Amino acid sequence: MPLVPLRPLLEAANKYGYAQGAFNVNSVAQIKAVIEVHEMLRSPLLIQGAELGNGFMGGRTDFINSTLEDKRVGAKKIGDWVRKYAENASIPIALHLDHGTNLDAVIAAIDGGYTSVMIDGSHLPYDQNVEITREVVKYAHARGVTVEGELGILAGVEDHVFSESSTYTNPLQAIDFIRKTEVDSLAISYGTMHGPVKGKNVKLRKEIVIAIKEILQHEGIVCAIVSHGSSKVPKYIVDEINLLGGIVSNAGGISTSEIQQAIQAGIAKINVDTDIRLAVTRNMREFFYKNPLKRDSSSIGAIYQLMEENKKQVDPRAFITPIMETVTDGVVPDEDVAAIVKCIEKGVKEVVGTSIVEFGSVGKAPLVECTSLDEMILKYKQPALSI
Ligand code: G3H
Ligand code: 13P
Ligand code: ZN
């Protein structure tokens, strides 16, 4: 099936009262695994590549320094792999740029085959956020591509911009923003945070979601509300990493009950990345613990070394640079590399499978009214497009 824009997936989530999970990928193995687990559970699928993820898939091992060209190459690579696997898939699949920072990165993603983009102007003054978001909406909607904006600041690391504290989204400003930009969806700040240290017993301000949804309905405006920074940071995975020689301190995430209440309040899309990173890191640590001889492997021994040198690191991109051909092109030269690929695939399936069940999207694939990019171009030309 060809990739679809995100908008029909969000429409189905809003209509049937579940949330669409949004899962970040940084390797071919992750793309394959995330598709397989969604197919198994008959869930619609939203795959995300962040700007830096695109840079990494473009072959940039020091991905923090990715250039626009790295992002362009990586976006095309992700687009090609997702399209290849989607050909035989029986579920609707959308590909979304996570935390796009400017129009050039957005264009690189759309050129690579992305069917949805986020433009994150949340760190800009309000008027500039409106302006850049409008610019992206104009460019993307003319191509049938869905757009997500962001208003309010999440604490934590967001696209390597660190914010000490969060600024909750003002519901009245959110309505003004949606009206002025015509975004299809809006990421809000309501107590979630990026990364593995979100605090203890985090309580989300669901009132913010309810207020925005309520005003949208009264005003007849259409927009889906998005929850970033929503990983659970499962204690069992953190404990296992620490037992296996890693160091993860002060870990804490968003509980299942908080996220499910947020879905009831009206959240339609939920972003998860950290939990996948944690599960993959745990699996790799476990593999080298159980197979000490592999620590000296000529193909993957260097991965073990990097893990030993970076015990606090839980982003597998820091460890898997010795096998970049596997990461970007799916090349598996020997059984040792195959074992690492298994660690990645199993980590994705554990976290993503659990999330799909908790977000309520199991079995919902047939409910999505699939719309092509060309059909969306025509729909965006009509005045009142409703979710
Ligand atoms: O919210 C951001 C995602 O976790 C992606 O992270 O920009 O390091 O690829 P990244
Ligand atoms: P987590 O860090 O909680 O997984 O959030 C990911 C995210 O919001 C990606 O945009
Ligand atoms: Zn995010």
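Any read-out appearing in this document is the output of simple, stated calculations on the displayed coordinates, not a laboratory observation. Remember, predicted model here, so these are calculated numbers, not experimental data. A quick note on method: Cβ atoms are made from the backbone with ideal geometry, for glycine too, and the neighbour counts reach across all protein chains shown.
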Note the angle between two axes, namely the Cα long axis of helix 335-359 and the longest principal axis of the Cα atoms of the chain, as a number of degrees from 0 to 90, rounded to the nearest 10.
30
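How large is the Kirkwood hydrodynamic radius of region 287-387, in angstrom, based on all distinct alpha carbon pairs? Intermediate results must be reported in sequence, preceding the final value.
Details: mean 1/r = 0.0578 Å⁻¹.
By the Kirkwood definition, the hydrodynamic radius is 17.3 Å.
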List, largest first, the extents of the alpha carbons of the chain along their principal axes, each in whole Å.
64, 42, 38
Debye log10 I(q)/I(0) for region 30-131, one point scatterer per Cα, at q = 0.15, 0.21, 0.22 Å⁻¹:
-0.61, -1.00, -1.06
Specify the residue with the greatest mean-square fluctuation among Q264, Q305, Q313, computed from a Gaussian network of the chain linking alpha-carbon atoms under 10 Å apart.
Q305
Pop a pseudo-label 7 angstrom from the Cα along the beta-carbon direction at both K138 and A318 and give the gap in nm to one decimal.
4.2
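Of all the C-alpha pairs in region 236-316, what % are more than 19 Å from each other?
Working: 1492 of 3240 pairs.
When every Cα pair of region 236-316 is considered, 46 percent fall beyond 19 Å.
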With 30 Å as the limit, write out which pairs from K15/K342; K71/K312; K71/K349; K77/K269 have Cα-Cα distances beyond it, or answer none.
K15/K342
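Mind giving me the FRET efficiency for N65 and H218? R0 is 35 Å, r the Cβ-Cβ distance, nearest 0.05 is fine. Don't skip to the end; give the middle numbers.
On the way: r = 47 Å, r/R0 = 1.34.
The value I calculate is 0.15.
Just the ratio, please: alpha-carbon radius of gyration of region 270-319 over 2.2 N^0.38 Å, N its number of residues.
Numbers: Rg = 11.5 Å, N = 50, 2.2 N^0.38 = 9.7 Å.
Output field value: 1.18.
Which of the peptides 374-382, 168-176 is most tightly packed, and how do the rest follow, going by the mean number of other Cβ atoms within 10 Å of each residue?
By packing density, highest mean first, the sequence is 168-176, 374-382.
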For region 183-340, the Rg and Dmax computed from alpha carbons only, in angstrom
19.7, 65
Net charge (Lys, Arg +1; Asp, Glu -1) of residues whose beta-carbon lies under 15 Å from that of P8, P8 excluded, is -1
Projecting the Cα atoms of V202, F288, H99 onto the charge dipole of the chain, where Lys and Arg contribute +1 and Asp and Glu -1 at Cβ, the residue farthest towards the positive end is V202
0 to 90° range, to nearest 10: angle between helix 274-290 axis and the chain longest Cα axis:
10
Longest principal axis of the chain (C-alpha) makes with the long axis of helix 126-141 (C-alpha) an angle, in degrees to the nearest 10, of 80
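Quick one: Cα convex hull volume of region 104-248, Å³ per residue?
Values: hull volume 19.6 nm³, N = 145.
Dividing the Cα hull volume of region 104-248 by its residues yields 135 Å³.
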Rg/Rh for region 46-190, where both radii come from Cα atoms and Rh is the Kirkwood radius:
0.98
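Determine the gain in length on full extension of the stretch K379-D104; use 0.36 nm per residue of separation and subtract their C-alpha separation, reporting nm with one decimal.
Numbers: separation 275, 0.36 × 275 = 99.00 nm, distance 2.49 nm.
Here the segment from K379 to D104 would lengthen by 96.5 nm.
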Note down the nm distance, to one decimal, between modelled labels 7 Å out along Cα→Cβ at Y126 and at L306.
4.4
Mind jotting down the three principal axis lengths of region 177-274 based on Cα atoms? Whole angstrom, largest first.
54, 23, 15
Modelled label-to-label distance, R42 and K235, 7 Å Cα→beta-carbon offset: nm?
3.5
